[in-house]
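Structure, as structure tokens:
The values are calculated or read from the model by the stated rules, or taken from the named source; none is laboratory data. Since the structure is predicted, the reported quantities are computational estimates derived from the model, not experimental observations. Cβ atoms come from the backbone with ideal geometry, glycine included; neighbour counts cover every protein chain shown. The area values use the complete protein model at the heavy-atom level, side chains included, leaving out ligands, DNA and RNA. Shrake-Rupley method; radii C 1.70, N 1.55, O 1.52, S 1.80 Å.
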Amino acid sequence: MNLPEPLPLVSVIIPTTAQASRRHELHRCIGALRAASTLPLTIIVVVNGQRSDAGLCDWLRAQPDVQYFYLEQPSAPNAVLHGRRQVRTPYFCAVDDDDEYLPAAIDQRLAVLKAQPDADLVVTNVYRRCDGRDQLMYGHLRDVPRQPLAMLFLSNWLYNGNALYRSAAVPVSYFEDYRAYAEWTWLAYKLALDGKQVATLEQPTFRVHVTPGSLSQSRNYSDNYLTLFQDMLNAGPPADIVRLIRRKLSAAQHDHSVQALADGRRGDAWRWHLRSLRHPGGLRYLGYTRRLLARPAAPLIGERT
């Protein structure tokens, strides 16, 4: 007598543009997922934007464990939201199409949540692959369960693929007010602010492939942190967290001043500098004032001005 195949416990959301140039990475990502669990998975692939490759999309539709969706809007956070709306399993997670889960990753995360029934999610360590070498991303995970909100400002402990969530504890609403950038930092902040219980696993279960010119290295990504920190303050955190956020805001404003000065926008540089001084820790940038007061170097003879 053949026993029925067990139902999936975990859904994995993959936002992707499904461009032809992503074929290798997407195949690797899905293959790694299948090796990450001894139980069947529901793989929710949300193709977004209008640059998808027809052949690659046909391949995705043909996979028996893949649920295929298409959104015209090119937005990874919106694709994750759409994927979260499709989840029907007790647990879910996510991964970018160019990153990969390590063998048995989902089994290991499930074991943690089953051993800690009060935990709403588990986060694990991560390998960052750069120039062919793996480096551990986190060294502070053991302190996260005790104070997840404060530890978030030491280093963001939530990444796109290093977590497993209980679906009942992390509903769709957490993904509805997504941000175009720093969306996982914003999600971690909301979860911690709401008192969600975070379990951790020091062992890496995920590899992120660092590529030159990635979104997280762009100026838009950096600019977004100014509004992110303001939104965090508007959410009404405790006083000790307000101080941590304002220190981060001061640092972001200082970075903007430095960039404005490098671009020759001295007035903007002064404005960002004065703002940075008003927050806790801002006085550490007081010495930078001398750079703003220094006269610009005179152009060389024959140089355009």
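Brief remarks on what is shown
- Rounded to the nearest 20 debye, dipole of the chain from Cβ charges on Lys, Arg, Asp, Glu: 1260 debye
- Of all aspartates and glutamates in the structure, the ones whose alpha carbon falls short of 18 Å from that of Lys114, not counting any fewer than 8 places away in one chain, are Glu202.
- Sites Ala115 and Ala150, calculated FRET efficiency, Cβ-Cβ separation with R0 22 Å, nearest 0.05: 0.30
- The portion of the accessible surface of the stretch 39-169 made up by carbon and sulfur, rounded to a whole percent, is 47 (1.4 Å probe; DNA, RNA and ligands excluded).
- The long axis of helix 23-34 is offset from the longest Cα principal axis of the chain by roughly 60 degrees.
- Distance between the modelled labels on Leu7 and Glu72, one decimal in nanometres: 3.6 nm (7 Å Cα→Cβ projection).
- At 0.692 mPa s and 37 °C, Stokes diffusion of the stretch 72-187 via Kirkwood alpha-carbon radius, µm² per second: 214 µm²/s
- Listed peptides 89-97, 259-267 by packing density, highest first (mean Cβ within 10 Å): 89-97, 259-267
- 12 Å reach of a label modelled at Val210, 7 Å along Cα-to-Cβ, counting backbone N of the stretch 132-155: 132-138
- Multiplying the residue separation of Cys57 and Arg290 by 0.36 nm and subtracting their alpha-carbon distance yields 78.2 nm.
- Remark on His279: its backbone amide H falls under 5 Å from none of the residues 5 or more positions apart or on other chains, H modelled at 1.01 Å from N.
- The packing ranking of peptides 146-155, 125-134, highest mean first, is 146-155, 125-134, where packing means the average number of other beta carbon atoms within 10 angstrom of each residue.
- Along the stretch 12-18 the Karplus relation, 6.51 cos²θ - 1.76 cosθ + 1.60 evaluated at θ = phi - 60°, assigns HN-Hα couplings of 10, 9, 10, x, 7, 7, 6 Hz to successive residues, with x for each Gly and Pro.
- A straight chain from Asp263 to Arg85 at 0.36 nm per residue would run longer than the Cα-Cα distance by 59.7 nm.
- Computed over the chain: relative contact order in percent, which uses C-alpha pairs under 8 Å that are six or more apart: 16 percent
- Across the stretch 232-245, computed HN-Hα scalar couplings (Karplus, 6.51 cos²θ - 1.76 cosθ + 1.60, θ = phi - 60°) run 4, 5, 5, 6, x, x, x, 4, 5, 6, 4, 5, 5, 5 Hz from first to last residue, x flagging Gly and Pro.
- Using a simple spin-label model with pseudo-atoms 7 Å out from Cα toward Cβ, Asp107 and Gln135 lie 3.1 nm apart.
- For the stretch 224-290, the fraction of 1.4 Å probe accessible surface lying on carbon and sulfur atoms is 55 percent.
- Those lysines that a straight Cα-Cα span of less than 24 Å connects to Lys248, excepting residues fewer than 8 apart in one chain: Lys190, Lys196
- Averaged over its residues, the stretch 64-197 has an accessible area of 43 Å² per residue, based on protein heavy atoms and a 1.4 Å probe.
- Angle between the chain longest axis and helix 76-85 axis [Cα atoms, degrees, rounded to 10]: 30 degrees
- Accessible area in the full protein assembly, largest first, 1.4 Å probe, for Lys190, Lys248, Lys114: Lys114, Lys248, Lys190
- Equivalent-ellipsoid semi-axes for the chain (Cα gyration tensor, √(5λ), whole Å, largest first): 40, 25, 16.
- Note on the chain: dipole from Cβ charges, positive end direction compared against Pro237, Gln86, Thr124; the farthest Cα belongs to Pro237.
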